[in-house]
Amino acid sequence: MRPRVPALAAAAMAFVLLLAGCSGEDSSRTDGKITLRFQSLAWQEESVAANKELVKEWNATHPRVRVEYVQGSWDSVHDQLLTSFEGGEAPDIIHDASDDLADFAYGGYLADLRGLLPARLTADIPRQSWETTTFGDGVHGVPFLQEPRVLIANKKILDASGARIPTPREPWSWEEFRGVAKKLTAHLGEGRYGVAWPLKDPVSATLNLGLSAGGRMFQRGADDTVRIEFTDADAVVPGTVHDQVTVDGSASPTALGGGGSDALPGFFAGKYAMVPLGFSYRQQIAQQAPEGFEWTVLPAPAGRAGLAQGVSPQTLSVAEDSPYKKEAVAFIDFLLRPANMVRLAKGDWMLPTGRQALADPSLRTAENGWATGAALARHLRSAPAQSVRGYPEWKDKVATPALQEYYSGGIDRAELRKRLVKDGNLVLARYQRQ
């Protein structure tokens, strides 16, 4: 979950972070000691505390390799890192997300971690998670936290409707989900809806959930070039949202333009029975829900590919220019020991990628839906656009406006396909010629 701030504030933060990154201790010390700068993007109070505590614990037991904590921001990290890379002032250890790494990896700014990572860590994290940080032949980050999308439901409304309650073993199909949303809407009455889709940023949700239906959108050829296709499988998820809003009247049209946090007041007030959200939104719900409000976590609907879902995990990378790559990887290994990975996951209300951490009993409890999330972990796959160069421009200039118009009923499926494919391939072709 990435919080948003106004553009000017983000720009100001980028400048502040650049100064912070430049003003730390010089990592080459004459007394034989090393200082590594660790830029963290933790922002929730629990998460910041967990990261700072772990840095403190490392420093207490590693007097000759000190880690300096540098606070970063999700809203400005890409531009801030690019500036610091080009200026030779990048942090040694970099916290980011896998979908932000491609340009840095291909640009030579991030170290290839093959040969540096300990066997324990490489074996503990599943192959499908490592795929999210593999670009070309190199591994340019360690994926450590991941966030599936789930359905957060008003338990009282769901129980009263008589609808079948889905589980990870027996989830709803996309067709059944549409039928349940209609049933809940009829149960609630006029002005209230079975579901609210907060899709201010619709692209990643559409692509990642689309994997369950067998959608891929991006097709890579034998010559390694990527083209966009929009098949019937790709149309399942966007078609469901479109039909719920414009045909069934079971999804709120006004919720489409907001983010997840924007939908919560209406959810708490009983205006919406269900809201598809990232797993970490459970923290806001647990903290903000009115007294007596009962909520439950349900798996997202399944398609022909089951519960498959795309994710872009949070990552830890090492700057290529860092003279202390081995020491930086040693700190990452410490930070991601199973018990420590559990602390980081609980601080962010997300799932760890590591098998040992994921097996921790505290992440398998029914309370706050942890068990449902843990059951989804094995179904998580690399996001479809993970390594596609030109994806950010396609997302911002082509896909976002096209999907927003389609979901609100402004264009039909044929026009959506035309824009995503024809206009999108023109964008990707330009990047692949470079």
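The values are calculated or read from the model by the stated rules, or taken from the named source; none is laboratory data. Not measured: the values here are computed from a predicted model. Positions of Cβ are backbone-derived with ideal geometry, glycine not excepted, and every protein chain shown enters the neighbour counts. Note: areas computed on protein heavy atoms with side chains; ligands, DNA, RNA excluded. Shrake-Rupley method; radii C 1.70, N 1.55, O 1.52, S 1.80 Å.
When you look at Pro392, is it assigned to a helix (DSSP H, G or I) and touching an Asp or Glu at 6+ places or on another chain (Cβ under 9 Å), yes or no?
Against the criterion (assigned to a helix (DSSP H, G or I) and touching an Asp or Glu at 6+ places or on another chain (Cβ under 9 Å)), Pro392 qualifies.
For the range 105-146, give me each residue that is over 25 Å from Gly373 (Cβ atoms) and without any contact (Cβ under 8 Å) to a residue 40 or more places away in the chain. Steps first, answer last, please.
First, pick out the residues of the range 105-146 that are over 25 Å from Gly373 (Cβ atoms): 105-119, 135-140.
If the condition is that a residue be over 25 Å from Gly373 (Cβ atoms) and without any contact (Cβ under 8 Å) to a residue 40 or more places away in the chain, then Ala105, Gly107, Asp112, Arg114, Gly115, Ala119, Gly136, Asp137, Gly138, Val139 are the ones that fit.
Test each condition in (1) touching a residue at least 60 places away in the same chain (Cβ under 8 Å); (2) farther than 22 Å from Val226 by Cβ for Val388 and report the one that comes out false.
(2)
Can you spot a residue in the range 349-369 that is part of a loop (DSSP other than H, G, I, E, B), among the polar types (S, T, N, Q) and modelled with pLDDT of 95 or more?
Let us first name the residues in the range 349-369 that are part of a loop (DSSP other than H, G, I, E, B), namely 349-350, 353-354, 359-360, 364-366.
The next check asks that each one be among the polar types (S, T, N, Q); those that pass are 353, 365.
After this cut, where a residue has to be modelled with pLDDT of 95 or more as well, the list is 353, 365.
For the range 349-369, residues part of a loop (DSSP other than H, G, I, E, B), among the polar types (S, T, N, Q) and modelled with pLDDT of 95 or more: present.
Going by the conditions given, is Leu18 at pLDDT below 95 and either in a helix (DSSP H, G or I) or within 18 Å of Phe331 (Cα to Cα) (or both)? Step through it out loud before you land on a result.
Details: at pLDDT below 95: yes; either in a helix (DSSP H, G or I) or within 18 Å of Phe331 (Cα to Cα) (or both): yes.
Answer is yes for this residue.
Quick check on Pro198: is it open to solvent by 10 Å² or more (accessible area, probe 1.4 Å), touching a Leu at 6+ places or on another chain (Cβ under 7 Å) and not in a strand (DSSP E or B)? Explain how you work it out, then say what you get.
On the way: open to solvent by 10 Å² or more (accessible area, probe 1.4 Å): yes; touching a Leu at 6+ places or on another chain (Cβ under 7 Å): no; not in a strand (DSSP E or B): yes.
No: the conditions fail for Pro198.
Quick check: anything in the range 414-429 at pLDDT below 95, of a type outside the set (A, V, I, L, M, F, W, C) and assigned to a helix (DSSP H, G or I)?
The answer is no, given that none of the residues of the range 414-429 is at pLDDT below 95, of a type outside the set (A, V, I, L, M, F, W, C) and assigned to a helix (DSSP H, G or I).
Out of Thr167, Thr83, Thr122, Thr134, report the one residue that is out of contact with any Pro (no Cβ under 6 Å at 6 or more places or on another chain), surrounded by fewer than 17 Cβ atoms within 10 Å (Cβ to Cβ) and over 30 Å from Gly292 (Cα atoms). Talk me through it step by step, then tell me what you get.
Details: Thr167 fails: over 30 Å from Gly292 (Cα atoms); Thr83 fails: surrounded by fewer than 17 Cβ atoms within 10 Å (Cβ to Cβ); Thr134 fails: surrounded by fewer than 17 Cβ atoms within 10 Å (Cβ to Cβ).
Answer to the selection: Thr122.
Take Lys56 and decide whether it is part of a helix (DSSP H, G or I), of a type in the set (Lys, Arg) and either at pLDDT below 90 or surrounded by fewer than 13 Cβ atoms within 10 Å (Cβ to Cβ) (or both). Spell out the reasoning first.
On the way: part of a helix (DSSP H, G or I): yes; of a type in the set (Lys, Arg): yes; either at pLDDT below 90 or surrounded by fewer than 13 Cβ atoms within 10 Å (Cβ to Cβ) (or both): yes.
Criteria met by Lys56.
Looking at Ala222, Ala269, Ala205, which one is out of contact with any Pro (no Cβ under 7 Å at 6 or more places or on another chain), closer than 24 Å to Gln128 by Cα, open to solvent by 20 Å² or more (accessible area, probe 1.4 Å) and of a type in the set (A, V, I, L, M, F, W, C)? Working first, answer last.
Numbers: Ala269 fails: closer than 24 Å to Gln128 by Cα; Ala205 fails: open to solvent by 20 Å² or more (accessible area, probe 1.4 Å).
None of the others qualify; the one that does is Ala222.
Report yes if some residue within the range 329-348 is over 20 Å from Trp43 (Cα atoms), in contact (Cβ under 8 Å) with a residue 12 or more places away in the chain, open to solvent by less than 10 Å² (accessible area, probe 1.4 Å) and in a helix (DSSP H, G or I); otherwise report no.
Yes; the residues of the range 329-348 include at least one that is over 20 Å from Trp43 (Cα atoms), in contact (Cβ under 8 Å) with a residue 12 or more places away in the chain, open to solvent by less than 10 Å² (accessible area, probe 1.4 Å) and in a helix (DSSP H, G or I).
Just wondering, is there one or more residues in the range 299-310 that are among the hydrophobic types (A, V, I, L, M, F, W, C), in a strand (DSSP E or B), out of contact with any Gly (no Cβ under 7 Å at 6 or more places or on another chain) and open to solvent by 10 Å² or more (accessible area, probe 1.4 Å)? Before the answer, list the steps.
Taking the range 299-310 as the starting set, the residues that turn out to be among the hydrophobic types (A, V, I, L, M, F, W, C) are 300, 302, 305, 307-308.
From the residues that got through so far, the ones that are in a strand (DSSP E or B) too are 302.
Keeping just the survivors that are out of contact with any Gly (no Cβ under 7 Å at 6 or more places or on another chain) gives 302.
Then keep just the ones that are open to solvent by 10 Å² or more (accessible area, probe 1.4 Å); that gives 302.
The answer is yes; a qualifying residue exists.
Let me confirm something: among Arg216, Arg192, which residue is in contact (Cβ under 8 Å) with a residue 60 or more places away in the chain and under 22 Å from the mean Cα position of the chain (by Cα)? Walk me through how you get there before you give the answer.
Values: Arg192 fails: under 22 Å from the mean Cα position of the chain (by Cα).
So the residue among Arg216, Arg192 that is in contact (Cβ under 8 Å) with a residue 60 or more places away in the chain and under 22 Å from the mean Cα position of the chain (by Cα) is Arg216.
So which pairs qualify, if the first residue must be in the range 235-254 and without any contact (Cβ under 8 Å) to a residue 40 or more places away in the chain, the second must be open to solvent by 10 Å² or more (accessible area, probe 1.4 Å) and part of a helix (DSSP H, G or I), the Cβ gap must be under 9 Å, and the two must be at least 6 apart or on different chains?
Thr254/Gly266
Given the criteria without any contact (Cβ under 8 Å) to a residue 60 or more places away in the chain, assigned to a loop (DSSP other than H, G, I, E, B) and either open to solvent by 10 Å² or more (accessible area, probe 1.4 Å) or of a type outside the set (D, E, K, R) (or both), does Glu89 qualify?
Numbers: without any contact (Cβ under 8 Å) to a residue 60 or more places away in the chain: no; assigned to a loop (DSSP other than H, G, I, E, B): yes; either open to solvent by 10 Å² or more (accessible area, probe 1.4 Å) or of a type outside the set (D, E, K, R) (or both): yes.
Taking the combined requirement at face value, the residue does not satisfy it.
How about the range 59-80: which of its residues are assigned to a strand (DSSP E or B) and either in contact with a Cys (Cβ under 9 Å, 6 or more places away or on another chain) or surrounded by 22 or more Cβ atoms within 10 Å (Cβ to Cβ) (or both)? Talk me through it step by step, then tell me what you get.
First, pick out the residues of the range 59-80 that are assigned to a strand (DSSP E or B): 65-71.
Residue satisfying the conditions is Val67 alone.
Yes or no: Ala286 among the aliphatic types (A, V, I, L, M), open to solvent by less than 10 Å² (accessible area, probe 1.4 Å), part of a helix (DSSP H, G or I) and closer than 30 Å to Val77 by Cα?
Numbers: among the aliphatic types (A, V, I, L, M): yes; open to solvent by less than 10 Å² (accessible area, probe 1.4 Å): no; part of a helix (DSSP H, G or I): yes; closer than 30 Å to Val77 by Cα: yes.
Criteria not met by Ala286.
Which residue is surrounded by the most Cβ atoms within 10 Å (Cβ to Cβ), if the candidates are limited to the range 376-395 and must be hydrophobic (A, V, I, L, M, F, W, C) and farther than 16 Å from Val342 by Cα? So that I can check it myself, show each step before the final result.
So the first thing to find is which residues in the range 376-395 are hydrophobic (A, V, I, L, M, F, W, C), and the list is 376-377, 380, 383, 385, 388, 394.
Okay, now just the ones that are also farther than 16 Å from Val342 by Cα, so 376, 380, 383, 385, 388, 394.
Working: Leu376: 24, Leu380: 24, Ala383: 23, Ala385: 26, Val388: 21, Trp394: 23.
Among residues in the range 376-395 that are hydrophobic (A, V, I, L, M, F, W, C) and farther than 16 Å from Val342 by Cα, the one surrounded by the most Cβ atoms within 10 Å (Cβ to Cβ) is Ala385.
Can you pull out every residue in the range 42-91 that is over 20 Å from Ser322 (Cβ atoms), in contact with a helix residue (DSSP H, G or I) (Cβ under 9 Å, 6 or more places away or on another chain) and aliphatic (A, V, I, L, M)?
Once the filter is applied, which keeps residues that are over 20 Å from Ser322 (Cβ atoms), in contact with a helix residue (DSSP H, G or I) (Cβ under 9 Å, 6 or more places away or on another chain) and aliphatic (A, V, I, L, M), the range 42-91 yields Ala42, Val48, Ala49, Ala50.
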